[in-house]
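Novice: Just dropping this structure here.
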Amino acid sequence: MTLFCSGDHHLDHARIIDYAKRPFKSLTHHNMELVRRWNAVVEPGDTVIYLGDFCFHNSEHGFQYWDALLNGNKVYLQGNHDSHKDAPVQSCVIKYGGIDWWCSHYPEQRYRHNLCGHVHDLWRIQRKGGDVIVNCGVDAWCGYPVNMQKILEEIKKAEKNGVYPVMPWVL
């Protein structure tokens, strides 16, 4: 079992392609490519901590439709575009690699290590004092969920190089 994090898919959100500068021809292309990328890396036995903004609250297809298309066991945290009934959890703490990680849709500095979505392509990893905040949204990771081992590797690499770039979209 692998542990992943992701967020900010905004499935069925008609304006997300323009808003987030995503390189898709249509909303259908956007939605199906994000499903394809998810299932390309997440196996049925994996777990995904989903950091909010899964599908538009008045989505044409609805939460259950999109959830059923995606591999893995999902823990949905509430984003500012999610229904309270579909994503009732606002935040949580997970332990991975001997580290406690604060998980929330918003970039909060609650623990030494924090996982979030919400900021789209503004940044991928941010340091504040001795704390680190990792943006796990799809706009920072080329449309893919990111596994926790990769997050640890990217933090170490960024500390060494002093660079924290987002991964641009590639179709």
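Novice: Please give the helix 148-161 orientation as an angle from the longest Cα principal axis of the chain, in degrees from 0 to 90, rounded to the nearest 10.
Specialist: Helix 148-161 and the main axis of the chain meet at about 50 degrees.
Novice: A follow-up question, please. Just tell me which lysines come within less than 25 Å, Cα to Cα, of Lys74; anything on the same chain fewer than 8 places away is out.
Specialist: Correct list for Lys74: Lys85, Lys95, Lys150.
Novice: Can you tell me which aspartates and glutamates have their Cα less than 14 Å from the Cα of Lys128? Leave out same-chain residues fewer than eight positions away.
Specialist: Qualifying aspartates and glutamates at Cα under 14 Å: Glu108, Glu159.
Novice: Further question: About its Cα centre, what dipole magnitude does the chain give when the only charges are +1 on Lys and Arg Cβ and -1 on Asp and Glu Cβ, stated in debye to the nearest 20? List each step's numbers first, then the result.
Specialist: Numbers: 18 positive and 19 negative charges, 101 e Å.
That gives the chain a dipole magnitude of about 480 debye.
Novice: Which label marks the calculated value of semi-axes √(5λ) of the Cα gyration tensor in Å, given the options (i) 24, 18, 15; (ii) 29, 22, 13; (iii) 29, 17, 14?
Specialist: Step by step, semi-axes √(5λ) of the Cα gyration tensor in Å for this structure corresponds to label (i).
Novice: If you don't mind, another one. Return the equivalent ellipsoid semi-axes of segment 107-171 as a descending list in whole Å, where each equals the square root of 5 times an eigenvalue of the C-alpha gyration tensor.
Specialist: They are 18, 13, 11 Å, listed from largest to smallest.
Novice: Something else now. Along the Cα→Cβ direction, 7 angstrom out, place labels at Asn73 and Lys150. What is the inter-label distance in nm?
Specialist: For Asn73 paired with Lys150, the spin-label model returns 2.1 nm.
Novice: By how many degrees, between 0 and 90 and to the nearest 10, does the Cα long axis of helix 27-41 differ from the longest principal axis of the chain?
Specialist: 50 degrees
Novice: Please name which of Ser83, Ile49, Val166 has its Cα lying farthest along the dipole of the chain towards the positive end, using unit charges on Cβ (Lys, Arg +1; Asp, Glu -1) and the Cα centre as origin.
Specialist: Val166
Novice: Please give the net charge around Trp141, taking every other residue with its beta carbon less than 12 angstrom from that of Trp141, where Lys and Arg add +1 and Asp and Glu add -1.
Specialist: -1
Novice: Quick one: among Ile49, Ile155, Ile99, which has the greatest mean-square fluctuation in a GNM of the chain with alpha-carbon springs under 10 angstrom?
Specialist: Result for the chain, Cα springs under 10 Å: Ile99 fluctuates most.
Novice: Please name whichever of His61, Gln109, Leu3 sits farthest to the positive end of the charge dipole of the chain, dipole taken about the Cα centre and charges placed at Cβ: Lys and Arg +1, Asp and Glu -1.
Specialist: Gln109
Read the figures in this text as sums done on the coordinates, not as results from a lab. All values derive from a computational prediction rather than experimental measurement. We place every Cβ from the backbone using ideal geometry, glycine too, and count neighbours over all the protein chains shown.
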